[in-house]
1. Can you confirm whether residue 90 is surrounded by 14 or more Cβ atoms within 10 Å (Cβ to Cβ), farther than 20 Å from residue 18 by Cβ and either of a type in the set (Val, Ile, Thr) or touching a residue at least 40 places away in the same chain (Cβ under 8 Å) (or both)?
2. Inspect the stretch 100-109 for any residue being of a type in the set (Gly, Ala, Ser), loosely packed, with under 14 Cβ neighbours inside 10 Å and closer than 28 Å to residue 7 by Cβ and give the result as yes or no.
3. Would you confirm, using the coordinates I've provided, whether residue 37 is of a type in the set (Val, Ile, Thr) and either in a loop (DSSP other than H, G, I, E, B) or out of contact with any strand residue (DSSP E or B) (no Cβ under 9 Å at 6 or more places or on another chain) (or both)?
4. Among (1) within 22 Å of residue 96 (Cβ to Cβ); (2) surrounded by 14 or more Cβ atoms within 10 Å (Cβ to Cβ); (3) not acidic (Asp, Glu), which single condition is residue 46 missing?
5. State all residues of the stretch 105-126 that are charged (D, E, K, R) and without any contact (Cβ under 8 Å) to a residue 12 or more places away in the chain; if no residue qualifies, say none.
6. Could we say that residue 29 is over 17 Å from the mean Cα position of the chain (by Cα), modelled with pLDDT of 95 or more, part of a strand (DSSP E or B) and not charged (D, E, K, R) here?
7. Take the residues in the stretch 50-81 that are under 24 Å from residue 96 (Cβ atoms) and small (Gly, Ala, Ser); name whichever of them is surrounded by the fewest Cβ atoms within 10 Å (Cβ to Cβ).
8. If you check residue 43 against the conditions, is it part of a strand (DSSP E or B) and either touching a strand residue (DSSP E or B) at 6+ places or on another chain (Cβ under 8 Å) or within 23 Å of residue 122 (Cα to Cα) (or both)?
Amino acid sequence: MVDSKKYAFKVSVQTAYLPDQSNPEDNKYAFAYTATISNVGNIAAQLISRHWIITDANNYVQEVKGLGVVGAQPLLAPGQQFEYTSGTLLATPVGAMRGSYKIVAEDGTFFDAVIEPFTLAVPRVLN
């Protein structure tokens, strides 16, 4: 059992629709997301990899797995945070993302930082 007070990362995400990179006539909707990853535990830990599950309004699911985020594997001391922006392309004007980051603490303990589901939506498509 991993000590949730010792090993804890918090993830928050902000999204933006990118109209100039989208082409609705071809069912291409581009979105940016900015993730803020905070070490809220009490031991330094490093983000090793990511796992995203991206679902569009047609229930088409894409999974993205890989090392690091935007070419980085940040090591965060307690209280530190790391922010990055990336993007995704959907075939529908609405979708959702969720996932996790694999983290390793400086004592060698591995744990997951959960990325709660969030919505991607073209403005004014949802009420």
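1. no
2. Yes, that holds for at least one residue.
3. no
4. (1)
5. Within the stretch 105-126, 124 is the sole residue that qualifies.
6. yes
7. 66
8. no
The values are calculated or read from the model by the stated rules, or taken from the named source; none is laboratory data. Remember, it's a predicted structure, so these values are computed and weren't measured experimentally. Note: ideal-geometry Cβ built from the backbone for every residue, glycine included; neighbour counts use all protein chains shown.
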